[in-house]
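The values are calculated or read from the model by the stated rules, or taken from the named source; none is laboratory data. Just so it is clear, the model here is predicted, and its values are computed rather than measured. Note that we place each Cβ from the backbone using ideal geometry, even for glycine, and neighbour counts take in every protein chain shown. Protein only, heavy atoms only, side chains kept; ligands, DNA and RNA dropped before computing areas. Shrake-Rupley method; radii C 1.70, N 1.55, O 1.52, S 1.80 Å.
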Amino acid sequence: MCGIIGYIGSRSCPELIYQGLEKLEYRGYDSAGIAVISSGQITTVKAAGKLARLRPFMGGLPAAAHIGMGHTRWATHGEPSDENAHPHGEAGASVIHNGIIENYKELKLELIAQGVSFKSETDTEVILHLLLAELQKGTSVHMALLKLLPQLQGAFSLGIMNRDEPEALYLVKQGSPLVIGCGKDETFFASDPLPLIPYCQHFLFLEDGEFARITRAGAEVWNFAGVQQEKPAVTMDWDSAAAEKNGFNHYMLKEIHEQPQMFSSTISRHLDLHTNSLILDHLGLDKIDLAQVKRLHFVACGSAYYAALVGKYLMETLPQFPCDVELASEFRYREPFIGPDTLVIAVSQSGETADTLASVKYARAKGCQTLALCNVKFSSIPRECHSAFYMEAGPEIGVASTKAFTSMLLNLYIFSLGLARLRHTLSAEALAQHLSQLKLLPPLAAQALAQDKNIATYALQFLHETHCLFIGRGFSYAIALEGALKLKEISYIHGEGYAGGELKHGPIALIEKSLAVIAVVPRDKLYDKMLANIEEIRARKGRIIAITSGNDPHLAQTCEAVLSCPAIDNPCLQAVLSSMILQQFAYYVALHRGTDVDQPRNLAKSVTVE
Ligand code: AGP
């Protein structure tokens, strides 16, 4: 969950690496550091806290340095401190690491027994000393890696510098993402392509079990057994402007406001607007043998899991597939009963979530076909799957998922319509109706954004709450779960999502005047059931905030606040619109509470460790 980046070329690299770390900070921000080689010496600056805390030390790096690497940390072993910050260096070698060395304790004890003294509490420092032990025998970094890599267990994407090889950087990829960017007489590496977009068009994606030596001229790649690997370069179609705030105060707000346009481009990608027909080319189904598929099984984490819940409802009603949905962290360890008749669909914005990736590997080992719904091309999960369906939502920098979540809902809806079309479970008329409703989404999404002032005003009243419940039914149950996650992860107010029908089975005991209940209550077939929940809460002096698509005067009289949502007679698209209201609600509560909206404490954008 850290961000790593490195450079070798003709430019001065300290500032270039710092700016690259700014684009990677969403991956972790407990500490940061940069090491460069100049005049045969390695100079390192590092500091606990966010990247900005490193700025005062940047003058200590020689501007003449043309080779260097940087790291922004999400702490796994050892608290965020200067000593535990990366890079870790000694005796002319320097290491940065993304991942976890699972057997670091026994390795550390062996090294201590050999007289090695450690400066930090990190697992990473073990790698440094294993490397030094080889280099001090006079071996090259290449030979040292062949010796030490088989000793490591866990996830480790590494950057390595050696002052005796000032014309090269070494990289290792195992379990955590790592990409090489190829420029003109310069070469980069990073945890993901985002910081390299301004400099590179061509990228090499390392696979697990590979290491590389990069120079200005390019990269050489081997597997851990030392066999050279050929790596085709790929091009990325992201533009660097997409990774800027473009005038918004926060990436999260920018990404909330990108949704109408994102919906339009997604719809036009899958719909032939002239013939009002579905384009099936981009659904990733061309590499799936549908004749073998008898059931679907979603695996995902966090918001992606809540999106997959909506996916389940869609797959069972439209293409009429039996469909399970499961947290990837549970799926991968419980030995689920799956096999060649199961299509496992991994939903992941980043394509790097460790538990989801492990679930895909488990499913493949059981003979399942696997498909990734993902937002980042060439990331680990789609590369591990038989096929991929890309969301094309553009980069999402805010740690809290917004446009990626609604993009998942929209793409799962389109995917379910495509499957229904192929399985003939939907009449042409019914399909045409769905497609017509899809076209209504972008303007309705713009209307949802126009509610921001009303939402921001109410958010001011909500600031001092300490805990709250979110309730919903059907598709809105998933939205209640997601709304609770949004609020808690950026405002730090505890929110818990519940199915409305579950209130009487325990949570109603919590209802009292001090408890706010956010009810997601669109005018759908479960509206009256939700009204009954609201009455039960009111009868016990609970306070209700309704997110509703109707203008029911009764709600206005009985609720503390009503946050209006545009209405559409389509449960999935209504769920998209309801979640946009809750995104803005969470944003404004967090904003007024003064928390770090884009980089909430303890979190990171991509959870690449278990
Ligand atoms: C949601 O706001 C969080 N950022 C988090 O729950 C996220 O959805 C989860 O970690 C899954 O990430 P992925 O979609 O990249 O796999």
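A few points about this structure:
- Residue match in the range 279-292 (condition: within 13 Å of the ligand (Cβ to nearest atom) and in contact with a strand residue (DSSP E or B) (Cβ under 6 Å, 6 or more places away or on another chain)): no
- Residue match in the range 97-105 (condition: more than 22 Å from Glu352 (Cβ to Cβ) and more than 27 Å from the chain's Cα centre (by Cα)): yes
- Filter result for Leu409 (more than 11 Å from the ligand (Cβ to nearest atom), over 30 Å from Thr595 (Cα atoms) and not in a loop (DSSP other than H, G, I, E, B)): no
- Residue satisfying all of: in the range 371-399; modelled with pLDDT under 95 and within 13 Å of the ligand (Cβ to nearest atom); surrounded by the fewest Cβ atoms within 10 Å (Cβ to Cβ) among these: Ile397
- Close pairs from the range 38-65: first more than 16 Å from Tyr7 (Cβ to Cβ), partner assigned to a strand (DSSP E or B) and not β-branched (Val, Ile, Thr), Cβ under 6 Å, at least 6 apart: Lys46/Gly33; Ala48/Ser31; Leu51/Ala32; Arg53/Ala47; Leu54/Ala32; Leu54/Ala47
- Strands (runs of 3 or more DSSP E) within the range 17-91 that include 3 or more residues within 18 Å of Val126 (Cα to Cα): 88-90
- Criterion: buried (at least 21 other Cβ atoms within 10 Å of the Cβ), farther than 15 Å from Met408 by Cβ and among the charged types (D, E, K, R) - qualifying residue of Arg332, Arg295: Arg332
- Filter result for Pro553 (more than 16 Å from the ligand (Cβ to nearest atom) and open to solvent by 60 Å² or more (accessible area, probe 1.4 Å)): yes
- Against the conditions (1) among the hydroxyl-bearing types (Ser, Thr, Tyr); (2) surrounded by fewer than 20 Cβ atoms within 10 Å (Cβ to Cβ); (3) in contact (Cβ under 8 Å) with a residue 12 or more places away in the chain, Ser268 satisfies every one except (3).
- Subset of the range 481-536 [closer than 24 Å to Ile568 by Cβ and assigned to a loop (DSSP other than H, G, I, E, B)]: Val521, Pro522, Arg523, Asp524, Lys525, Leu526
- Against the numbered list (1) of a type in the set (Gly, Ala, Ser); (2) within 16 Å of the ligand (Cβ to nearest atom); (3) farther than 26 Å from Ala450 by Cβ, Ala586 comes up short only at (3).
- Of all residues in the range 134-161, those satisfying the criterion of being open to solvent by 10 Å² or more (accessible area, probe 1.4 Å), touching a helix residue (DSSP H, G or I) at 6+ places or on another chain (Cβ under 8 Å) and more than 30 Å from Thr235 (Cα to Cα) are Glu134, Leu135, Thr139, Met143, Lys147, Gln151, Leu152.
- In the set Ala354, Ala308, Ala363, Ala300, only one residue is within 16 Å of the ligand (Cβ to nearest atom) and modelled with pLDDT under 95; that residue is Ala354.
- Residues of the range 350-390 satisfying the condition of being farther than 20 Å from His282 by Cβ, more than 17 Å from the chain's Cα centre (by Cα) and touching a residue at least 60 places away in the same chain (Cβ under 8 Å): Ala363, Cys368
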